[in-house]
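Undergrad: Structure provided below as structure tokens; questions to follow.
No lab work stands behind these numbers, since they all come straight from the coordinates. A quick note: this is a predicted structure, and the numbers were derived from the prediction, not measured. FYI the Cβ positions are ideal-geometry reconstructions off the backbone, even for glycines, and counts take in every protein chain you see.
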Amino acid sequence: MEEPDPDPHPDSSPGLRALLPPREFLCSRKGQLLLAESVLSFIIFICYIASLAASFMMAPLLEFLLALFLFFAYASKLNEKFKGLYWPLT
């Protein structure tokens, strides 16, 4: 039995690249705004954890998780698949 040939293009195998949003979405205005919102809400969440007002950290945590969900929902084009939600309102 012969050994299988190694993959000549190691970048063509799916791996962590499958989790990343497409480049055209990251270059669009919507993608950049959602990414900036996710990063800023994460920074705010970290600031609340480090401050004395740590009891109020639930609001920035929910904002970060919602922004992250919307970023990946738009990146994977869930807004085109699920027509039941009014996506501009989210």
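Undergrad: Set Lys and Arg Cβ to +1 and Asp and Glu Cβ to -1, take the dipole of the stretch 22-86 about its Cα centre, and tell me which of PHE25, ALA54, SER41 lies farthest positive.
TA: Comparing the listed Cα positions along the dipole, PHE25 ranks first.
Undergrad: Using only the alpha carbons, work out the radius of gyration and Dmax of the stretch 22-86 in angstrom.
TA: 14.0, 43
Undergrad: Please give, to one decimal in nm, the separation of the simple spin-label points placed at ALA50 and LEU62, each 7 Å out from Cα toward the Cβ.
TA: The answer from the label model is 2.5 nm.
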